Every structure is written in C-alpha cells, then in structure tokens.
Amino acid sequence: MIGVYIHIPFCKKICNYCDFCKILYDSDYVSKYLDSLEKEINERYNGEKIDTIYIGGGTPSSLDSFELDRLLSIVSKINLADNYEYTIECNIESIDIDKINIFKSYGINRISFGVESFDKNICKILGRCHDEDMVFDNIYLTKKYFDNISIDLIYGVTEDINVVKSDISKFLELGIPHVSCYSLIIEENTKLYIDKRDYISQDIDKEMYDYIADTLKKNGYIHYEISNYAKDGYQSKHNMNYWLNGRYYGFGLGAVSYLDNTRISNTKNMSKYLKNEYLDKSEYEDVQIRKENDLILGLRMINGINIDAFNQKYNDNLLEKEIVKSLLNEGYLEISNNYLKCNKEFIYLQNIILEKIIGSQL
Ligand code: SF4
C-alpha cells in the first residue's frame, strides 16, 4: 500500500485556531505554486501505482474552477491502482456544482469537508464563515454525486455539552458515512492563543468524547481510530496507511513523505518552494525508530496492532518486549484476536502510553 498527499496551502480566510501550513489565497501565487508542484511531481514520483491520493490543505476548494482543473490535470499523471481512494478536502462555503463536476471528471471518489461545528457561536469563535443552512445545502448537493463523504468536527470549544449533542445530531441528520471529531487544541501563534483563550476542563472534555463515541456507536458508526468514526467499509484508507506506518509521497509546501524508511520533509517557505527548492530535511529511520512508530501510530487504531504482522515485518516477538509486557501488566494495553490494543479506558488518555513507549528498548 502506498499513498500520495498533495498540499494546497491557500485559504480565503485564516481561522482563529489554525496552525497548519497555509497562506491567504492569491491567484498569482496559485499559478506559480501549481507550476512548482507539477515540477516536483515530475521529478520525484517514479510512476508506481498508487492506492490513495489525498489533496489537503489549506483549502483545496478555495481554488477557482480553472485552477482546480489545472491541479487535477497535474495529479492525473499519477497512476492509480484498482480500488483506489481519492480524496479532496473542501470548505463548505467554497464548493459548487462546477467544482463537483470537475472532481467527478477526474475520478475523485471521496470528499472531506471542514465543518467543525453547526453552531453559530462556535463558528464565530473558530473564525469559520459558514452557517448551518449552508452545510446542509452543500452536503446534500454533494451527496447527489458522491456517497463517500466525511466531515471534521471540533468539540470542547466551550463547556456547553449541548452544543456537542446538537452537532452530533446534525451530523447524523446529514446521513453521511464518516466523521472525524477533534478536541480543540489551542496552538501558539493562533488568534485563540493570542487572545488567551483557555482550555475547558478535562472532565468535561472526556464527557464530550464519551458522548460522541457512545452516540455514534449506537447509530452504527465504527470507532476505528481515536478521533475517527465510519460506517463499515468507509474507513479512510489513506489515513489507515499512516497509522500502519506505510509508505507515502508528500508533494507541496510543507508536505512530508515516508519512503525507503526515510522521513522527507518539504520546505514550509513559499519563496523557496516556488524556486523549486522543495526539500527541508530528510531523516533515515533505523529499526528501533520504525518499531517505535509502528507502536505509536498503530495504537491509535481501536483494533490495535496485528501481532503476527509486526513479528513478520521485523523478524521479532512483540510480546517479549519489556515495555509491552509492562504496559500489559499495568492494564494500559490488552490482547484481543492477535491484536495488541489500547485498553478502552485509556484511549482518551493515550499520551500516557505513548510517552512510556518513546525511547524504550524495542
Ligand atoms: S480553512 Fe483549514 S487550513 Fe485554512 S485557515 Fe481554516 S483551518 Fe486553517
């Protein structure tokens, strides 16, 4: 399995919580950026068949129809395997029938919308510029052409759990098969941080997490990763590849690739990227780091890590590792059907487990 991530850093407006690699949309920059992106793909992609493509950002849908057509024509040079998954991220306010038709014509088969909340007050705090009617109108429009649709939600912006209940209920009303639910993180250099916004209490955050997980489960969604829920068959293949520590190319500003056991990070400096100086750093990962990453990423999945697959990959015995034995003894981890997984009680507090794994002898 191998994926491709393509980063489109342009946004029409900068959200108050965002620390992603992004800049304000400018049509001159878009044109130059697509020139560099095309060159990067031509230079670095070796023509092999790709299982998943994910165009993320930024806001890919902030590009106008002409620019999107050009972007997708560049990406169309990538060879896709049978049963591929091809996702594009969109904002609610920047989607229309022309763009949907362009997506369809290039074989995109999954749309991921940044919704974050249906609540007017929460959208104002986060700096999102859609309203509830726009979410319903544009997702119902998209549903006429695509069945594999996901939305992102952010909870824990205020301590009012009724907002979370209402957001989940509206997600269920949309009748789409996938949702990612993230607790708000107040990152440095964001407006929320500068405005000194506080985190809500951890108890309420946990209550919200449990409410989301229980309600979605009751409604037939599989909780398959800490923050991700899907109807059966709609789990994100692209993200699963990340959690399986699989191989992927990353093209575009700030994108990361993982190829030949090497983590390759692209520059986040737009001027350099436009001069075709893509690379920032390249770090080879030895077996110890690879095993550590397999564990750290694999334990994010609710089913956990396939013990036989790990043992075969490394010609090793996972259950003989001191750190694994100790985490099993302490009840943080458990074994079920040949999978090593996080105990349900600790999924929410997984950082405690990950901190113990990092730097341990594997
Ligand atoms: S749309 Fe996404 S990438 Fe752009 S500013 Fe908002 S959160 Fe950041």
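Only the coordinates and a few stated rules stand behind these numbers; no lab work does. Keep in mind the model is a prediction, meaning the values are calculated, not measured. With ideal geometry, Cβ positions are generated from the backbone for all residues, glycine too; neighbour counts draw on all protein chains shown.
Couple of notes before you dig in:
- Links that overshoot a 23 Å alpha carbon limit, given the list LYS120/LYS165; LYS237/LYS291; LYS32/LYS191; LYS291/LYS321; LYS120/LYS237: LYS32/LYS191; LYS120/LYS237
- One quarter of the surface of the convex hull around the alpha-carbon atoms of the stretch 269-344 equals 7.2 nm², the direction-averaged projected area.
- The stretch 115-236: radius of gyration and largest Cα-Cα distance (Dmax), Å: 14.5, 42
- Overall dimensions of the chain as given by Cα atoms, namely Rg and Dmax in Å: 20.6, 59
- Viscosity 1.306 mPa s, 10 °C: Kirkwood-radius Stokes-Einstein D of the stretch 1-156 over Cα pairs, µm²/s: 98
- Over the chain, relative contact order from alpha-carbon pairs under 8 Å, at least 6 apart, %: 15
- The mean of 1/r over all distinct Cα pairs in the stretch 304-346, once inverted, gives the Kirkwood hydrodynamic radius of 10.5 Å.
- Cα-based Rg and Dmax for the stretch 235-276, where Dmax is the largest Cα-Cα distance (Å): 12.2, 38
- Across PHE113, PHE136, PHE346, mean-square fluctuation computed from a Gaussian network of the chain (C-alpha pairs under 10 Å connected) peaks at PHE346.
- Across the stretch 208-362, Cα-Cα pairs more than 27 Å apart make up 34 percent of the total.
- Radius 15 Å from Cβ of SER336, net charge of other residues (Lys, Arg +1; Asp, Glu -1): -1
- 14 Å beta-carbon shell around SER257, net charge (K/R +1, D/E -1): -3
- Alpha-carbon centroids, the stretch 328-346 and the stretch 261-318: separation in whole Å: 23
- The stretch 1-46 and the stretch 72-116 have Cα centres spaced 15 Å apart.
- Cα centroids of the stretch 124-140 and the stretch 183-253: 19 Å apart.
- Fewest neighbouring Cβ atoms within 10 Å first, the residues HIS178, HIS7, HIS223 line up as HIS223, HIS178, HIS7.
- Among beta bridges that DSSP assigns inside the chain, antiparallel share in %, nearest 5: 40
- Summed residue charge, Cβ within 15 Å of ASP64's Cβ, Lys/Arg positive, Asp/Glu negative: -4
- Footprinting exposure proxy for MET270, MET208 (fewest neighbouring C-beta atoms within 10 Å first): MET270, MET208
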